[in-house]
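Student: What follows is a structure written as structure tokens; I'll ask about it next.
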Amino acid sequence: MPIRAQLRGLVCLLRLQRQCEFNYYYKEKKMADLDGIIANKDKDYGIGIPVQKQSFFLKGLDHCDWGIKDRMSRIFNPETGRTVMLAFDHGYIMGPTSGLERLDLSIVPLIEYADSLMCTRGALRSVVPPVCNKPVCLRYSAGTSVLTELNNECILDIKDAIRLNASALAVMVSIGDTYEAKTIENLVRTADYGYTYGIPTMGVTAVGKQMTRDARYFATAARICAENGATFVKTYYTEQDFAKVINACPVPIVIAGGKKLPEKEALDLCYRAINEGAAGVDMGRNVFQSEKPVAMIRAVRGVVHEGLTTEQAFEMFNDLAD
Ligand code: 5RP
């Protein structure tokens, strides 16, 4: 056969092959889906049924983005609107704090009872089992220790917080202190990153050596945190006028426990804080320095999530401690 005729035959064959492939992909394979489409029914459009408006369960956060709300819903229980956070970041300024010498022995057994963990990236990577799957409020500022002067801090790299899957970023804010401006700048930068990546910021109101722990101070500090972008705030409970601290802060407040108290007094502190409007606790020493830390954190949960009174929670503590 002449070479021209052979070439023509080859071209025809190639064309035929392409046509077959086209038919297979566009008619048989892809277009086949068209056959399976179920006809829409009028009733499925829900004509006449208004779309329900949703309101977020935590105060002041209705207008936050989805990622922030998702992470806040992991830290705070949407059913109670509250949280029991276990704080064990003390070592970042105090070294091997009493009760935290061996985090694997003292903290790991408590993790299952906490709604959220507040700790440094060092503790997280070295001790906290990733399979525990608890939302982490990462200590995101660091600087001077108790051996010099507190609160001269910087912030971490946001990439590391994302790598660690942080559910919130905790930043120290020191109002009325030498490093006030620097700590507020840290909060502002953190909130900027947080809103960029959908991660809430917790403003931690610091108490400097000279500062009075009264409602006026904490109301000022908490409000400054919220106004500068904190998604929630950690303060201390004040004997007088704590409700004013809560009411003057447009976002949720959790309380730190402070120095170790007898268990009944610590439970009473939780009870009063919750009943005056706190959205939970971020408690450390009163849990891990207790003789019976598991009993203590479970009793704290009783107050925060189950509405136990001080007496009921103390009874629960004693029962569990036996
Ligand atoms: C220190 C902190 C601590 O985590 C915070 O004080 C909570 O711990 P405690 O209940 O022991 O006071 O933020 O800056």
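Student: Which ones in segment 233-267 are buried (at least 19 other Cβ atoms within 10 Å of the Cβ) and either on the phi > 0 side of the Ramachandran plot or away from the ligand (no atom under 15 Å from the Cβ) (or both)?
Tutor: Correct list: PHE242, VAL245, ILE246, CYS249, VAL251, PRO252.
Student: Still on this model: What's the number of the only condition in (1) surrounded by fewer than 17 Cβ atoms within 10 Å (Cβ to Cβ); (2) over 19 Å from VAL254 (Cβ atoms); (3) out of contact with any Ser or Thr (no Cβ under 8 Å at 6 or more places or on another chain) that PRO78 fails to meet?
Tutor: (2)
Student: Take the conditions out of contact with any Ser or Thr (no Cβ under 8 Å at 6 or more places or on another chain), acidic (Asp, Glu) and in contact (Cβ under 8 Å) with a residue 12 or more places away in the chain and apply them to ASP192. Does it pass?
Tutor: Numbers: out of contact with any Ser or Thr (no Cβ under 8 Å at 6 or more places or on another chain): yes; acidic (Asp, Glu): yes; in contact (Cβ under 8 Å) with a residue 12 or more places away in the chain: yes.
Answer is yes for this residue.
Student: Please find, among THR238, THR212, THR201, the residue that is touching a strand residue (DSSP E or B) at 6+ places or on another chain (Cβ under 6 Å) and of a type in the set (S, T, N, Q).
Tutor: THR201
Student: Within segment 65-105, can you find the residues that are under 17 Å from VAL136 (Cα atoms), more than 16 Å from the ligand (Cβ to nearest atom), of a type in the set (Gly, Ala, Ser) and in contact (Cβ under 8 Å) with a residue 40 or more places away in the chain?
Tutor: Within segment 65-105, GLY67 is the sole residue that qualifies.
Student: Can you find a residue in segment 13-31 that is at pLDDT 90 or above and surrounded by fewer than 10 Cβ atoms within 10 Å (Cβ to Cβ)?
Tutor: For segment 13-31, residues at pLDDT 90 or above and surrounded by fewer than 10 Cβ atoms within 10 Å (Cβ to Cβ): absent.
Student: Also, I was wondering about something else. For ARG125, all conditions in the list (1) part of a loop (DSSP other than H, G, I, E, B); (2) more than 10 Å from the ligand (Cβ to nearest atom) hold save one; what is the number of the exception?
Tutor: (1)
Student: Go through segment 57-72 and count every residue that is under 16 Å from ILE253 (Cβ atoms) and of a type outside the set (D, E, K, R). Explain how you work it out, then say what you get.
Tutor: The initial filter retains those residues of segment 57-72 that are under 16 Å from ILE253 (Cβ atoms), namely 57-61, 72.
Imposing the further condition that a residue be of a type outside the set (D, E, K, R) reduces the set to 57-58, 60-61, 72.
So the count comes out to 5.
Student: When you scan segment 109-124, do you find a residue that is modelled with pLDDT under 95 and surrounded by fewer than 17 Cβ atoms within 10 Å (Cβ to Cβ), even just one? Let's see the steps before the verdict.
Tutor: The initial filter retains those residues of segment 109-124 that are modelled with pLDDT under 95, namely none.
Scanning segment 109-124 turns up no residue that is modelled with pLDDT under 95 and surrounded by fewer than 17 Cβ atoms within 10 Å (Cβ to Cβ).
Student: Which pairs have Cβ atoms under 9 Å, sit 6 or more apart or on different chains, and link a residue in segment 137-150 that is over 19 Å from ALA256 (Cα atoms) to one that is assigned to a strand (DSSP E or B)?
Tutor: Qualifying pairs under 9 Å: GLY143/GLU153; GLY143/CYS154; GLY143/MET172; THR144/GLU153.
Student: When you look at LEU117, is it out of contact with any helix residue (DSSP H, G or I) (no Cβ under 6 Å at 6 or more places or on another chain), over 24 Å from ASN286 (Cβ atoms) and within 16 Å of the ligand (Cβ to nearest atom), yes or no?
Tutor: No; evaluated as a whole, the condition is false for this residue.
Residue by residue, here is whether (1) more than 14 Å from the ligand (Cβ to nearest atom); (2) closer than 18 Å to ILE253 by Cβ; (3) out of contact with any strand residue (DSSP E or B) (no Cβ under 7 Å at 6 or more places or on another chain) holds:
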| site | (1), (2), (3) |
| --- | --- |
| MET283 | no, yes, no |
| ASN286 | no, yes, yes |
| VAL294 | yes, no, yes |
| HIS305 | yes, yes, no |
| THR310 | yes, no, yes |
| GLU315 | yes, no, yes |
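Student: Hey, another quick one. Look at segment 300-322 and say how many of its residues are within 24 Å of PHE232 (Cα to Cα) and either in a helix (DSSP H, G or I) or at pLDDT below 95 (or both).
Tutor: 7
Student: Provide a single number: the residues in segment 271-281 that are more than 14 Å from the ligand (Cβ to nearest atom) and not β-branched (Val, Ile, Thr).
Tutor: 6
Student: THR97 passes all but one of (1) out of contact with any Lys or Arg (no Cβ under 7 Å at 6 or more places or on another chain); (2) modelled with pLDDT of 95 or more; (3) in a loop (DSSP other than H, G, I, E, B); which number fails?
Tutor: It fails just one condition, (2).
The values are calculated or read from the model by the stated rules, or taken from the named source; none is laboratory data. Every value quoted in this text rests on a predicted model; they were computed, and no experiment measured them. Quick reminder, even Gly has a Cβ in these numbers, built from the backbone with ideal geometry, and neighbours come from all protein chains shown.
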